[in-house]
Amino acid sequence: MAAEGAQTPTTYIQHHLKNLTVSFQEGSIWTLHVDTFLTACFMGLIGVFAMWMATRKATAGVPGKWQAFVEIVLEFLDKQAKDAYHGASKLVTPIAITLFVWILLMNLLKMIPADFIAVPMGKLSMLVAEMAGAEDPSKYNYWKPVPTADVHATLGLSISVFFLMIFFALRAKGIGGFVKELFVAPFGPWMFPANLLLNAVELLSKPVSLAMRLFGNMFGGEIVFLLIWVLAGAGVFGVVASGAFGLGWMLFHLLVIPLQAFIFMMLSVVYLSLMEEHH
């Protein structure tokens, strides 16, 4: 990366939108987005730890503030999941809570200015690369802070939901019933080519739409935050305008961040419920 002072607004934004990647083999298309993977795992561990802290001191009497807050959130998510899911599986509520909490925590990283995470983690990545003997450690001076602003992360989440959809369908209908439905519904057995095409498109579009919806909202919000941050370099007026716009956009994201996690969770539950229905 060029020196910080030599950066233009364009190169600054491009730098912050680039992931820290590691290829498994020279010239291979398979690469690991290290920043997305590590950050997502870290936020997941924070979620597990927070829930453990709430349950560790849980009491049957008057709950503490943290326990009361967790109980309210869990009861709300449990009610929403049960209202949207019409089957008998006990896995739906844990799946819904896991998706909501994990996505919410990853989205919340957007509230921290990008430089506060990207700059120190980028320098740390360069240090690790130098210690590992990399020829050009500056190639590793990247760190994208928000995992859900990376389409690979949202696709990973949605593909996991897709496999759960298949599992729920096979458990409810069996292999024979699931395959038969692909060929017979909705136009009858004589229209099986059209049925198969329609059902395949419908099935595959669900995880794609899940991933793109979450990614689009988070990535778009990230770009706006970076543009507001760049505005601060335009003198005193830029600093004032950046602060005003940044505060407004941040307050708006206090609604967007949990809403996107909730939408992803609810659509996932609805898709699981639909997969168990017989057509």
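The numbers here are math on the coordinates, done by the rules we state, and not lab data. All values derive from a computational prediction rather than experimental measurement. Counting neighbours? That spans all protein chains shown, and the Cβs are built from the backbone with ideal geometry, glycine included.
Here are a few things to note about the model shown:
- Of LYS65/LYS144; LYS18/LYS82; LYS110/LYS139; LYS18/LYS65, those spanning more than 28 Å from alpha-carbon to alpha-carbon: LYS65/LYS144; LYS18/LYS82; LYS18/LYS65
- The fraction of all Cα pairs in the range 138-247 landing in successive 5 Å bins from 0 to the largest distance is 2, 11, 12, 12, 12, 10, 9, 7, 6, 5, 5, 4, 2, 1, 0, given as whole percents.
- For the range 230-255, the residues whose backbone nitrogen is under 19 Å from a point 7 Å from the Cα of THR8, taken along Cα to Cβ, are 230-235.
- Dipole magnitude of the chain about its Cα centre (Cβ charges: Lys, Arg +1; Asp, Glu -1), debye to nearest 20: 620
- Degrees, to the nearest 10: 151-184 long Cα axis against longest axis of the chain: 10
- Mean Cβ count within 10 Å, highest first, over the residues of peptides 71-77, 221-227: 221-227, 71-77
- Here the translational diffusion coefficient of the range 87-137 follows from Stokes-Einstein with Rh set to the Kirkwood radius across Cα pairs; for 10 °C and 1.306 mPa s it amounts to 112 µm²/s.
- Farthest towards the positive end of the charge dipole of the chain, among the residues GLN80, SER160, PHE187, is the Cα of GLN80, using unit charges on the Cβ of Lys, Arg, Asp and Glu.
- Straight-line cross-link partners of LYS180 among the aspartates and glutamates, defined as a Cα under 18 Å from its Cα and at least 8 positions apart when in the same chain: GLU202, GLU276, GLU277.
- Compared with the dominant Cα axis of the chain, that is its longest principal axis, helix 114-131 is turned about 80°.
- Cross-link partners of LYS173 among lysines, defined as those whose alpha carbon lies under 20 angstrom from its own and excluding same-chain residues fewer than eight positions apart: LYS90, LYS206.
- Counting other Cβ atoms within 10 Å as a rough exposure proxy, the listed residues TRP52, TRP143, TRP30 run TRP30, TRP52, TRP143 from fewest neighbours to most.
- Angle between the chain longest axis and helix 235-276 axis [Cα atoms, degrees, rounded to 10]: 20
- At R0 = 35 Å, FRET efficiency that the Cβ-Cβ distance of PHE163 and VAL73 yields, to 0.05: 0.85
- Bins of 5 Å, starting at 0 and running to the largest distance - Cα pair percent for the chain: 1, 5, 10, 13, 14, 13, 12, 11, 9, 6, 4, 2, 1, 0, 0
- Distance in nm between pseudo-label sites at LEU197 and ALA234 (7 Å out along the Cβ direction from Cα): 5.1
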